[in-house]
Amino acid sequence: MLLQIRTEISEQRAVLFLEGVLDISTVDFLLTGVSGLAGVKEVDLDLAGVTFIDSTGIGGISKAVTKLRERQIYVKIINISADLFEIFDILGLPEIFGTEMFEKIRAGNS
Amino acid sequence: MVGIGVGQQADLPDQDGWVTIKNGQVIVCNPRGCGKFPTLTPDKNLQVFLNGEKIVRTAFVHEGDSIKLQPLNTEPFLNLEVKLSSDKLKAFLQVRKKPGKRYVVEDIPPTGEATVKASIAQVIWPQLTFEQVRDLLHQNQVVYGINEEAIRQALELEDENMSIEVAAGQLPLPPQDAGIVYTFQNSGRFQGTVEPYGQGNPLSVAVGTVLAVKSLPVDGKAGMDVTGKIIPPRPPRDEPILIKSGVSLIQDGAVAVAAVSGKPVLEGSIRKYLSVQPVHIINGDVDRKTGNIKFKGNIVVTGSVLDGFGVEAGGSIEVWGDVLHASLYANNEIIIHNKAITARIQAGGLSSQYRRIYGVLKHLADRLKQLLSSMEVLKRQPSFNTADLKLNGEGRLVQLLMDFKYKDVPKLVNDFLSVLAETENWPQQELVELGRDLNEKLCNLGPLRIKNQAELELLSQEVQQTLETLMWLISNTADVQVGYVQNSVVRASGNIIVKGQGSIVSELDAAGQILISGGKVRGGRLTAREKIQVQELGSPNDAQVIIRLLDNCCLDANIVHPVVIIEHGADHLVIAENCRRLRASVGKDGDLRLEREYPGTRKEL
């Protein structure tokens, strides 16, 4: 299953709805989607539809967050499943990016 | 049995009936007039049937009743079992038996109320024969070590329940393990005039001296269990004589002899290695005639080490005279029988570097373990796809972990490499190799070259093994013993012992203790990890002394003059008054604690 990204923008706030597998074959979609955002001050990455992730996918998320922050854009990761958050937690992402970046963690499998 | 009637006549005066039992026969006589009918009550060991029905309580009877008395005879009971111990070295015969019993009905004279009883007439014990027991043992595969005498004794016993050991196997005879006797220990044989280095030399051997003898391992003897199965003895443990330089093994490794003349040394805590460290004797002073002395083994200077010269030993150094404006460096202990003035003395070689490396590698080992554990947990996550790891190697995951949670790992490796770079020729080549491996795999893009987790596990094991070696190297402490120290720097991986007048304006640094029990410390700095003991500390003429307590070190000083500064970590206390019996220690909370006495009082700060 490929990754689909739907973007909704309203009043300088963009929400990227990710659905599918975020891995070595799809991570570029995310990076392209993020770099294409213009005129926004806030971006939410909605990971509710992400079923699987691999090491490249995690690296992609990290790169996307870093690039957005470099552009002074406030980033949040929302609707992440508990399983996925555990993966991020083991890797120490909340320690690096701040726990406040993660919102609405969903219980159960994604 | 049938009740035999005697008759009842209504016109006769009232008379109670009666019943009697004789030879098992019941005879009943009905009452006369309004007399009472006789009764029968069954008691133990028999049953009473009245007109075909069993009675369990008192019943009246009359002539013509069918009365049957049936004694409750029992048959003998026997149960035999053979039980084996868990190691099958013993077999037990468990016997449960109960005798059978034959009863007869007791006679009862004529009475109105008869309680019928039966008493034992015969006790019959069950028959148990030797053959029965033997067959049972064979059925249970017990064929070895059968004790026929015990069985016969068991047959004679009338106990109802018993357990008797009827067969015993044979334990294997244990082997004799190899043992090593180090002949130079516990003996004055190698001291004094017997050996070539003569007076005062503590321990030395000549070429060809037997240093160790091994008693060869002897095999044990097989045993047998009661089922006839052979029990082999454990193999004997062989303990080879481990040797390093200066020692040769002969007679298939059973005897170790000195290949060079020198000092026999047995080192190592678990695995003991025997070596002979050559001794270089300088007869007289180390001066411009001899030049600087550098020797891989031990050095003995029978004179003094004079101005500007240095002595460096791979083993120990012993100076019978003084060390004056000179330097001594030894991997093992240093003994100066007289004084050291303006000298630099270091015993224990690279010990301080080993300690620093140990600290870094310990931290690194813990972090690698955690990293490996994180990898395991991640790979088990159902939402985590590992297909790319299989394709490109698990190094990507290692890199990812080190990018985020384990950022400190490359820094720890660099710290290790920095300490390594401080010394050119490490005696432990494995340290250098470990540094290279860690640098290749954990620094820069190294993690990406890791193919699988096993590679990292191997690296982690390598670090762990190096820690064990370092532990041993650190525990191999070296002391400095000196008569008197002045304007000198003395460092020891073990203890510093000043036996004479004391230490004047000197810097003493010991990983163990500093003991100046009978002397004075005037000026300078003393640092130790375990204990500092001084008779007199400080000077009436204001020569400041700094005492640094590391870890849980404590200071004991009998007489203290100001000014003495005591430091522990960032904590420090200043003793600005004369006092006695000063004790400085580190409390549980890590704070410095002082106890001291002023004349006539005792005060604790």
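Structure data summary
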| item | result |
| --- | --- |
| Rg in Å to one decimal, and Dmax rounded to a whole Å, for chain B via C-alpha atoms | 47.5, 159 |
| Rounded percent of accessible protein surface that carbon and sulfur make up, chain A, 1.4 Å probe | 51 percent |
| Eligible lysines near B:K88 by straight Cα distance, threshold 26 Å, same-chain separation 8 or greater | B:K97, B:K221, B:K229 |
| Label-zone membership for the range B:128-163, site B:T227, 7 angstrom Cα→C-beta point, backbone N under 20 Å | B:134-147 |
| Accessible-area value, B:E312, 1.4 Å probe, nucleic acids and ligands omitted, Å² | 70 Å² |
| Full-stretch length increase - B:Q94, B:L173 - with 0.36 nm per residue and alpha-carbon distance subtracted | 25.5 nm |
| Total accessible area lost when B and A pair, probe 1.4 Å, Å² to nearest 100 | 1800 Å² |
| Amide H contacts under 5 Å for A:L3, placed H, 5+ residues apart | A:V21 |
| 1.4 Å probe, heavy atoms, protein only - residues of the range A:3-37 losing at least 30 Å² accessible area vs chain alone | A:I24 |
| Carbon and sulfur %, accessible surface of chain B computed with the full protein complex present, 1.4 Å | 49 percent |
| Å² of accessible area per residue within chain B, as computed with a 1.4 Å probe and no ligands counted | 52 Å² |
| Extension gain from B:K54 to B:E430, taking 0.36 nm per residue of separation minus the Cα-Cα distance | 125.6 nm |
| Theoretical FRET efficiency, 1/(1+(r/R0)^6), r = Cβ-Cβ of B:R234 and B:L445, R0 56 Å, to 0.05 | 0.60 |
| Kirkwood-type radius of chain A, with distances r between different C-alpha atoms, in Å | 13.7 Å |
| Helix-only mean residue ellipticity at 222 nm for chain B, each DSSP H run of n ≥ 4 adding -39500 (n - 2.57), per residue, nearest 500 | -6000 deg cm²/dmol |
| Set B:K22/B:K117; B:K244/B:K362; B:K263/B:K296; A:K76/A:K104 screened for pairs whose C-alpha atoms are more than 19 Å apart | B:K244/B:K362 |
| Gain upon complete extension [B:Q15, B:N541; 0.36 nm per residue less C-alpha separation] | 175.8 nm |
| Whichever lysines have a C-alpha closer than 20 Å to that of B:K36, once near sequence neighbours (fewer than 8 apart) are set aside | none |
| Per-pair calculated FRET efficiency, R0 = 41 Å: B:E597 and B:A254 via Cβ, rounded to 0.05 | 0.10 |
| Partners for B:K369 among lysines (Cα-Cα distance below 24 Å; same-chain residues under 8 apart left out) | B:K379, B:K390, B:K405, B:K407, B:K411, B:K441, B:K451 |
| Average Cα contact separation per residue, the range B:265-322, under 8 Å, 6 or more apart, as relative contact order % | 30 percent |
| Beta bridges by DSSP in the range A:4-103, antiparallel share as percent, to the nearest 5 | 30 percent |
| Nearest-0.05 FRET efficiency for B:T423 and A:K76, computed from C-beta distance (R0 56 Å) | 0.60 |
| DSSP beta bridges in the protein assembly as shown [antiparallel fraction, %, rounded to 5] | 45 percent |
| The range A:4-103, accessible area per residue, ligands and nucleic acids excluded (1.4 Å, Å²) | 43 Å² |
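The values are calculated or read from the model by the stated rules, or taken from the named source; none is laboratory data. None of the values given here were measured: they were computed from a predicted structure. Ideal geometry is used to build each Cβ from the backbone, glycine not excepted, and the neighbour counts take in all protein chains shown. The accessibility values were calculated without ligands, DNA or RNA, using every heavy atom of the protein model including side chains. Shrake-Rupley method; radii C 1.70, N 1.55, O 1.52, S 1.80 Å.
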